[in-house]
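Q: Mind having a look at this structure? Questions to follow.
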Amino acid sequence: MRKAEILIIGAGPAGLGAAIEAAKLGAKVVLLDENEKAGGQLFKQIHKFFGSKQHYAGVRGFQIGEDLLKEASDLGVEVLLDARAVGMMDDGTVAVLHKEELIQIAAKKIVLATGARENAISFPGWTLPGVMTAGAAQTFSNVHGTLVGKNILMVGTGNVGLIVSYQLMQAGANVKGLVEVIPRVSGYGVHAGKIKRAGVPIWTSHTVIEARGKDRVEEAVIAQVDEKFQPIAGTERVIKVDTILLAVGLTPKVELAKMAGCALTVEPTLGGHLPYHNDEMRSTNANIYVCGDIAGVEEANTALDEGRLAGLSAARELGYGDDSVEEKKMELNAGLCALRMGTFGEKRLECKERIMKEWSW
Amino acid sequence: MSNSLIEKGYIEVEDVRNDSNYPSEERFKTGAVAIIECLQEIPCNPCKDACPYGAIVLEGLTIRPQLIEDKCIGCGLCIAKCPGQAIFVVDKSKEEGSVTFPYEYLPLPEKGMSVTAVNRAGEPVCEARVTKVVDSKKMNKTRLVTIAVPVELVDEVRFMKRVEAGE
C-alpha cells in the first residue's frame with residue numbers, strides 16, 4: 001500500500017493550491033488526477049482572468065496553470081496522473097484506479113478537490129451528434145485544437161456560455177447566437193459586450209426546444225418563453241447550425257465526500273448538493289477537507305484560495321508550520337470574502353456563511 | 001446600473017455618457033483619453049496597476065474603477081490589461097476622431113486598411129481606416145487597434161467588423 005501524509009484528489013486550481021501550501025510547510029503530499037495532465041480546467045482557459053494581483057488577474061488561465069504546476073513540482077509534490085479515486089474505505093484508505101491498476105493509498109489527511117460536472121437539459125433531438133456541453137467544446141478547441149462545429153448555437157449566458165462563445169469565435173467558428181431562458185444576461189456584462197460588438201445576437205427569455213437533423217444537428221429550433229419558462233407557441237424560430245452547446249450550470253462532484261460520510265447540504269446558488277465545511281475547509285469528517293467547486297461552484301480564483309486554505313489547515317493539523325499559519329489563513333479568508341463581494345458575489349458569500357455557520361463535527 | 005447591459009448584453013451610449021467615468025468636454029479637447037466602460041461591480045483590479053500615471057483609482061477589489069482624467073495621457077496601457085476588455089481610448093481633439101480598442105482575433109488588421117466601424121451592439125456605424133496596430137509582449141496577445149472615424153461618431157464606435165482570413 002502506498003502512503004501519503006496528505007492525499008489530494010483532483011489537480012485543478014483548488015488541488016494545486018492545497019498541494020503547494022501543504023508542501024511548503026513540509027508535508028509529504030500526493031496529488032491525484034484522473035486526466036493525463038494536471039491543471040484541471042485552467043489549461044482550457046485562454047482568456048485573461050479577473051481578480052487581484054495575488055489571484056493572477058490579467059494573466060491568461062493556462063499560463064496560471066503552468067506557474068502552479070511548476071511551483072508544485074519544485075516543492076516536490078508527487079503527482080499521479082491517469083489516477084481515478086474510486087472508493088473511500090472505512091479505514092481511511094482510498095482506492096485508486098491508476099493506469100488500469102487498482103491501488104490503495106493510505107493518507108492521514110485527504111483533500112477532496114474533485115470539481116464539478118456540467119449540467120445538461122434535454123429536448124427532442126438532444127441525442128443527435130452535435131449537441132454537447134460548452135465545456136466539452138472548449139476542451140476540443142483549446143486543448144486538442146479541434147473545432148466541434150462551424151455554426152454554433154449556445155444555450156446559456158452565464159460566464160461559461162459567454163466565454164466559450166468568444167473563444168470559439170477566436171478559433172474561427174461562427175456563433176449564430178445565444179439563448180438565455182431568464183430575461184437577462186446572467187454572466188458578466190463585459191463578457192457579453194465582447195461578443196455583442198462582434199455582432200452576435202443574444203436572445204434573452206428564449207430557449208432551445210428542438211434539435212433537427214438526419215445524422216447530426218442541421219438546425220436548432222428556439223422559442224421565446226413566458227414568465228414560467230414555458231415556450232410561447234408561434235414564437236419558434238429555426239436557426240441553421242451544426243452544433244448546439246449547453247452552458248446551463250455545473251454540479252459539484254460530491255460522490256467521494258458522500259462515500260466518506262461527509263454531511264451534505266443543498267445550496268442551489270452554489271450548484272446543489274455540497275459538503276458542509278468550515279472556514280478552514282474541513283468537512284464534517286475530521287480528516288477530510290474540501291475545496292474548489294466541490295465545496296460550491298465558483299471561480300478558479302476562489303478555488304485556488306480555498307485550496308490554499310485546505311492545504312495549510314491539513315498540514316498544520318499534522319504538526320507542520322507554526323503560529324504564522326493562522327495569520328496566513330486569515331489573509332486567505334479575507335481575500336475570499338473580497339472575491340465574493342459585488343452583484344455577482346454577494347449571494348455566494350451569503351451561502352458560504354450559512355454553510356460554515358451550520359457546520360459542526 | 002445599466003438595464004441595457006443586463007437585458008441586451010451591451011451598454012447604450014447614453015449610459016456611457018451619463019457615467020461618472022465619462023471624461024469632461026474640456027478633457028476631450030486636450031487629446032486622447034481613456035473611457036472605462038466597467039459598469040458592474042466585479043472583483044477585479046488589474047487596471048489600477050496597469051496605469052503608471054496613477055490615473056485609475058480603485059479602492060478595494062469590487063468597487064468600480066474611477067478615472068482621474070487630468071492624470072490620463074491616453075497611452076492605452078490599461079486596455080490590454082483589462083480582462084473584461086472594457087477600456088477604450090478615444091481622441092476627439094482633432095478634426096478626425098479616433099477610437100482604440102482591444103483586438104484578440106486573427107488575422108490582425110493592418111495599418112491603412114479600410115474597415116467597417118461598429119457600435120457596442122455590433123451594428124455598422126461607418127467606414128473607417130486603421131491608423132495603428134500595437135502588439136507588444138507585455139500585452140500578452142491582446143492587440144490595440146486604432147481606427148479613424150468622424151469625431152461625432154467616436155462615442156458610438158467601439159469595434160470593427162473582423163478581418164476575414166485571406167482578405
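The values are calculated or read from the model by the stated rules, or taken from the named source; none is laboratory data. None of these values were measured; they are calculated from a predicted model. Cβ coordinates were reconstructed from backbone atoms using ideal geometry, including for glycine residues, and neighbour counts include every protein chain displayed.
Yes/no per residue for (1) surrounded by 23 or more Cβ atoms within 10 Å (Cβ to Cβ); (2) more than 11 Å from chain A (Cβ to nearest Cβ):
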residue	(1), (2)
B:THR30	no, yes
B:ALA34	yes, yes
B:LEU39	no, no
B:CYS44	yes, no
B:TYR53	no, yes
B:ILE68	no, yes
B:LYS71	no, yes
B:CYS82	yes, no
B:ILE87	yes, no
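Q: Based on this model, can you work out whether B:VAL115 counts as within 14 Å of the chain's Cα centre (by Cα) and either not basic (Lys, Arg) or not in a strand (DSSP E or B) (or both)?
A: When the stated conditions are applied, B:VAL115 does not pass them.
Q: Further question: Output yes when any residue across region B:157-165 is more than 13 Å from chain A (Cβ to nearest Cβ) and under 25 Å from B:GLU12 (Cα atoms), and no when none is.
A: No: zero hits.
Q: Still on this structure, please answer the following. Only residues that are surrounded by fewer than 21 Cβ atoms within 10 Å (Cβ to Cβ), more than 11 Å from chain A (Cβ to nearest Cβ) and farther than 13 Å from B:ASP91 by Cβ: list them for region B:126-143, please.
A: Selection gives B:CYS126, B:GLU127, B:ARG129, B:VAL130, B:VAL133, B:VAL134, B:ASP135, B:SER136, B:LYS137, B:ARG143.
Q: Something else now. Would you list the strands (runs of 3 or more DSSP E) that sit entirely within region A:249-361 and hold 1 or more residues that are within 20 Å of A:VAL86 (Cα to Cα) and in contact with a Gly (Cβ under 6 Å, 6 or more places away or on another chain)?
A: Of the strands (runs of 3 or more DSSP E) lying wholly inside region A:249-361, those with at least 1 residues that are within 20 Å of A:VAL86 (Cα to Cα) and in contact with a Gly (Cβ under 6 Å, 6 or more places away or on another chain) span A:250-252, A:272-275.
Q: Also: Tally time: how many residues in region A:178-201 are over 22 Å from the mean Cα position of the chain (by Cα) and farther than 12 Å from A:ILE222 by Cβ?
A: Within region A:178-201, residues that are over 22 Å from the mean Cα position of the chain (by Cα) and farther than 12 Å from A:ILE222 by Cβ number 11.
Q: Sticking with this one: Take B:ILE6 and decide whether it is among the aliphatic types (A, V, I, L, M), in contact with a helix residue (DSSP H, G or I) (Cβ under 9 Å, 6 or more places away or on another chain) and more than 9 Å from chain A (Cβ to nearest Cβ).
A: Spelling it out, it is not the case that B:ILE6 is among the aliphatic types (A, V, I, L, M), in contact with a helix residue (DSSP H, G or I) (Cβ under 9 Å, 6 or more places away or on another chain) and more than 9 Å from chain A (Cβ to nearest Cβ).
Q: Check A:GLY213 against each of (1) at positive phi; (2) under 23 Å from the mean Cα position of the chain (by Cα); (3) away from chain B (no Cβ under 14 Å) and name the one condition it does not meet.
A: (2)
Q: Related question: Looking only at region A:13-22, decide whether some residue is among the charged types (D, E, K, R) and surrounded by fewer than 23 Cβ atoms within 10 Å (Cβ to Cβ).
A: No, the conditions are met nowhere in region A:13-22.
Q: Can you go through B:PRO83, B:PRO102, B:PRO109 and tell me which one is within 11 Å of the chain's Cα centre (by Cα) and either outside any strand (DSSP E or B) or at pLDDT 95 or above (or both)?
A: Going through B:PRO83, B:PRO102, B:PRO109 in turn, the sole match is B:PRO102.
Q: So, B:GLU123, is that one without any contact (Cβ under 8 Å) to a residue 12 or more places away in the chain and within 11 Å of chain A (Cβ to nearest Cβ) or not? Spell out how you get there, then give the answer.
A: Working: without any contact (Cβ under 8 Å) to a residue 12 or more places away in the chain: yes; within 11 Å of chain A (Cβ to nearest Cβ): yes.
Judged against the criteria, B:GLU123 is a match.
Q: Go over the candidates A:VAL175, A:VAL190, A:VAL179, A:VAL200 one by one and state the one that is free of Cβ contacts under 8 Å to residues at least 60 places away in the same chain, in contact with a Cys (Cβ under 9 Å, 6 or more places away or on another chain), farther than 29 Å from A:THR114 by Cα and within 14 Å of chain B (Cβ to nearest Cβ).
A: Details: A:VAL175 fails: in contact with a Cys (Cβ under 9 Å, 6 or more places away or on another chain); A:VAL179 fails: in contact with a Cys (Cβ under 9 Å, 6 or more places away or on another chain); A:VAL200 fails: in contact with a Cys (Cβ under 9 Å, 6 or more places away or on another chain).
Going through A:VAL175, A:VAL190, A:VAL179, A:VAL200 in turn, the sole match is A:VAL190.
Q: Considering region A:39-71 alone, what residues qualify as being away from chain B (no Cβ under 14 Å) and part of a helix (DSSP H, G or I)?
A: If the condition is that a residue be away from chain B (no Cβ under 14 Å) and part of a helix (DSSP H, G or I), then A:GLY40, A:GLN41, A:LEU42, A:PHE43, A:LYS44, A:GLY65, A:LEU68, A:LEU69, A:LYS70, A:GLU71 are the ones that fit.
Q: Related question: One residue is enough: does region A:338-358 have a residue meeting the conditions within 14 Å of chain B (Cβ to nearest Cβ) and within 26 Å of A:GLY26 (Cα to Cα)?
A: For region A:338-358, residues within 14 Å of chain B (Cβ to nearest Cβ) and within 26 Å of A:GLY26 (Cα to Cα): absent.
Q: Please return the ranges of strands (runs of 3 or more DSSP E) entirely within region A:130-230 where 1 or more residues are closer than 16 Å to A:THR243 by Cα.
A: Because the criterion is at least 1 residues that are closer than 16 Å to A:THR243 by Cα, the strands (runs of 3 or more DSSP E) in region A:130-230 that meet it are A:131-133, A:151-155, A:174-180, A:206-212, A:219-224.
Q: Answer yes or no: is there a residue in region B:129-146 that is farther than 17 Å from B:SER98 by Cβ, assigned to a helix (DSSP H, G or I) and of a type in the set (A, V, I, L, M, F, W, C).
A: Yes, region B:129-146 contains a residue that is farther than 17 Å from B:SER98 by Cβ, assigned to a helix (DSSP H, G or I) and of a type in the set (A, V, I, L, M, F, W, C).
Q: Can I ask one more? I'd like to know if region A:326-337 contains one or more residues that are closer than 25 Å to A:GLY92 by Cβ and in contact (Cβ under 8 Å) with a residue 40 or more places away in the chain.
A: Pass one, region A:326-337, residues closer than 25 Å to A:GLY92 by Cβ: A:329.
Checking which are in contact (Cβ under 8 Å) with a residue 40 or more places away in the chain leaves us with A:329.
The answer is yes, given that some residue of region A:326-337 is closer than 25 Å to A:GLY92 by Cβ and in contact (Cβ under 8 Å) with a residue 40 or more places away in the chain.
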